[in-house]
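The values are calculated or read from the model by the stated rules, or taken from the named source; none is laboratory data. Note that the structure is a prediction, hence the values are computed from the model and not measured. Ideal geometry is used to build each Cβ from the backbone, glycine not excepted, and the neighbour counts take in all protein chains shown.
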Amino acid sequence: MPVLFNCDSVEQETMGEGVTRQPLITPERVKSDCLLLDRWTLDAGASARIDVGDRDLVWFQLLQGEATLDGSAGKHELTTSHVIFLPPGFAGELHSADGASVLYAGVPDASRYDPAFDASALEFRCVDWRGEPTLDSEHDARKRIYLVTPTLFGTKAVKGEMIIYPPGTEASNHHHEGAEHFQYFVSGSGTALLDGEPHAVRAGDVLYNYEFERHNFVNDGEEDMVFVEYFVPAECRTVWVNPELVCAWLPTGRNIDGGQPSRDIAAHSSAETVNPEGV
């Protein structure tokens with residue numbers, strides 16, 4: 001069965017002065033060790049130490065506020081538009097002058113999910129997702145923006161994207177084979193249909209899905225429903241209940257702000273197991 005809960009139900013743990021973490025996805029909670037997920041809160045003026053294991057991968061994004069990352073890859077000013085990939089062995093410190101909320105995820109021993117995994121070849125990356133290509137769904141009004149991909153970050157251990165559901169949008173029913181994944185709901189509200197059973201979802205919810213579990217989403221609210229979702233490993237098979245509604249993603253030639261995107265991604269189907277060109 002999928003695991004669904006809201007961050008507000010998870011107790012905060014102190015990481016340091018002015019810094020707390022909420023352990024959202026843990027082996028104890030989901031009975032799986034393929035990925036970990038925390039939400040960090042930094043008070044104004046607080047700093048959090050980051051040390052990535054020699055075989056691990058980490059990525060994070062700011063949910064609120066701004067921060068500065070200073071470490072083995074230099075100094076970077078971060079906003080809610082950035083997704084940061086930290087390679088094995090990264091060491092640094094995240095500081096926020098005015099306070100920030102952080103979604104912090106990782107894959108322990110990532111070589112389990114990428115046969116070509118080479119820790120020494122992976123590099124720090126900071127991606128501004130607002131400049132990435134926006135893709136439109138062929139059958140409905142959804143939009144997709146890739147956040148973490150083999151092309152961007154050099155490993156097939158993980159893949160992630162942001163999905164935007166305008167009000168009234170519903171995606172077709174499907175399941176995945178070969179990967180586990182989660183959704184973190186960033187904004188809006190709607191309904192998750194999990195094996196046909198409706199469950200209300202809202203901002204701050206986490207949904208963890210195992211293989212073969214049918215699911216789809218409906219935005220029955222009045223504003224965009226936005227979530228980020230991450231798969232471990234990156235390549236998996238998606239099976240649609242109605243084969244005629246297999247989701248194809250079509251390039252718009254624009255980023256989310258209507259400007260020129262940072263790169264090109266070809267049209268592709270979610271039924272493809274191997275990552276398409278540009279992803």
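Scan T26, T41 and give me the residue that is under 20 Å from the mean Cα position of the chain (by Cα), free of Cβ contacts under 8 Å to residues at least 24 places away in the same chain and not assigned by TED's automatic domain parsing to the domain that holds Y184. Step through it out loud before you land on a result.
Working: T41 fails: free of Cβ contacts under 8 Å to residues at least 24 places away in the same chain.
Within the list T26, T41, the selection yields T26.
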Open item on the list: Just to be sure I understand, how many residues within segment 240-279 are without any contact (Cβ under 8 Å) to a residue 12 or more places away in the chain, closer than 29 Å to E177 by Cβ and exposed (fewer than 13 other Cβ atoms within 10 Å of the Cβ)?
Closed with: 2
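If you take the residues in segment 15-43 that are β-branched (V, I, T) and closer than 19 Å to Q183 by Cα, which one is surrounded by the fewest Cβ atoms within 10 Å (Cβ to Cβ)?
Narrowing segment 15-43 to residues β-branched (V, I, T): 19-20, 25-26, 30, 41.
Now restrict to residues that are closer than 19 Å to Q183 by Cα: 25-26, 30.
On the way: I25: 23, T26: 15, V30: 21.
Going through the qualifying residues, I end up with T26.
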Task: Within segment 211-246, considering residues that are in contact with a Gly (Cβ under 9 Å, 6 or more places away or on another chain) and aromatic (F, W, Y), the one nearest to K156 (Cα to Cα) - done: F231
TODO: Go through segment 176-210 and count every residue that is farther than 30 Å from G154 by Cα, buried (at least 16 other Cβ atoms within 10 Å of the Cβ) and not β-branched (V, I, T).
DONE: 7
Task: Subset of segment 34-58 [in a strand (DSSP E or B) and under 13 Å from L94 (Cβ atoms)] - done: D38, W40, T41, L42, A46, S47, A48, R49, I50, D51, V58
TODO: Working only within segment 88-116, note down all residues that are surrounded by 15 or more Cβ atoms within 10 Å (Cβ to Cβ) and either at pLDDT below 95 or in contact with a Pro (Cβ under 6 Å, 6 or more places away or on another chain) (or both).
DONE: Y113
Task: Subset tally (residues that are among the charged types (D, E, K, R) and in a loop (DSSP other than H, G, I, E, B)) for segment 59-79 - done: 1
Task: Total residues in segment 183-239, condition more than 18 Å from T80 (Cβ to Cβ), outside any strand (DSSP E or B) and not acidic (D, E) - done: 9
TODO: Could you figure out which of (1) farther than 21 Å from L36 by Cβ; (2) surrounded by 21 or more Cβ atoms within 10 Å (Cβ to Cβ) isn't true of F85?
DONE: (1)
TODO: Scan (1) within 25 Å of R39 (Cα to Cα); (2) part of a strand (DSSP E or B) for the single condition H175 breaks and write down its number.
DONE: (1)
